[in-house]
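The values are calculated or read from the model by the stated rules, or taken from the named source; none is laboratory data. Everything numeric in this text was worked out from a predicted model, so none of it was measured. Don't worry about glycine lacking a Cβ; one is built from the backbone with ideal geometry, like all the others, and counts go over all protein chains shown. Each accessible area value is taken on the protein alone, full model and side chains, heavy atoms only, with ligands, DNA and RNA left out. Shrake-Rupley method; radii C 1.70, N 1.55, O 1.52, S 1.80 Å.
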Amino acid sequence: MQDTTKRTIPLSDRLAQLATEARRRAEIAPPGVQRESLLKAARLSETASHIHDWLSLPSLKAPR
């Protein structure tokens, strides 16, 4: 079932928030698997944000 709720925060902002929170939690986590997992989540969120921004460029829109 699809979520049809209207999002009030843009995707790029939500991804940035996820990355920031993951990095904050990684800073206080002891070295180990959990810390590496948090850092990976931050990198993935940042990459997804960059891809979203790139795909949103007007120059990438299909011609009409």
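Please give the number of the condition Ala42 fails out of (1) outside any helix (DSSP H, G or I); (2) at pLDDT 95 or above.
Every condition holds for Ala42 apart from (1).
Can you give me the number of residues within the range 49-64 that are small (Gly, Ala, Ser) and in contact with a Ser or Thr (Cβ under 9 Å, 6 or more places away or on another chain)?
Going through the range 49-64 one residue at a time, the tally reaches 2.
Does Pro30 qualify as being more than 8 Å from the chain's Cα centre (by Cα) and open to solvent by less than 100 Å² (accessible area, probe 1.4 Å)?
Against the criterion (more than 8 Å from the chain's Cα centre (by Cα) and open to solvent by less than 100 Å² (accessible area, probe 1.4 Å)), Pro30 qualifies.
Which of the residues spanning the range 24-64 are farther than 17 Å from Leu11 by Cβ and among the polar types (S, T, N, Q)?
Gln34, Ser37, Ser59
Within the range 46-61, take every residue that is surrounded by fewer than 12 Cβ atoms within 10 Å (Cβ to Cβ) and not in a helix (DSSP H, G or I) and give me the one that is modelled with the highest pLDDT.
Result: Leu57.
Residues of the range 30-49 being of a type in the set (A, V, I, L, M) and within 15 Å of Gln17 (Cα to Cα), which ones?
Residues satisfying the conditions are Leu38, Leu39, Ala41, Ala42, Leu44, Ala48.
Sort out which residues of the range 9-42 are within 20 Å of Asp53 (Cβ to Cβ) and not hydrophobic (A, V, I, L, M, F, W, C), and write them in order of number.
Pro10, Ser12, Asp13, Arg14, Gln17, Thr20, Glu21, Arg23 - these are the residues of the range 9-42 that are within 20 Å of Asp53 (Cβ to Cβ) and not hydrophobic (A, V, I, L, M, F, W, C).
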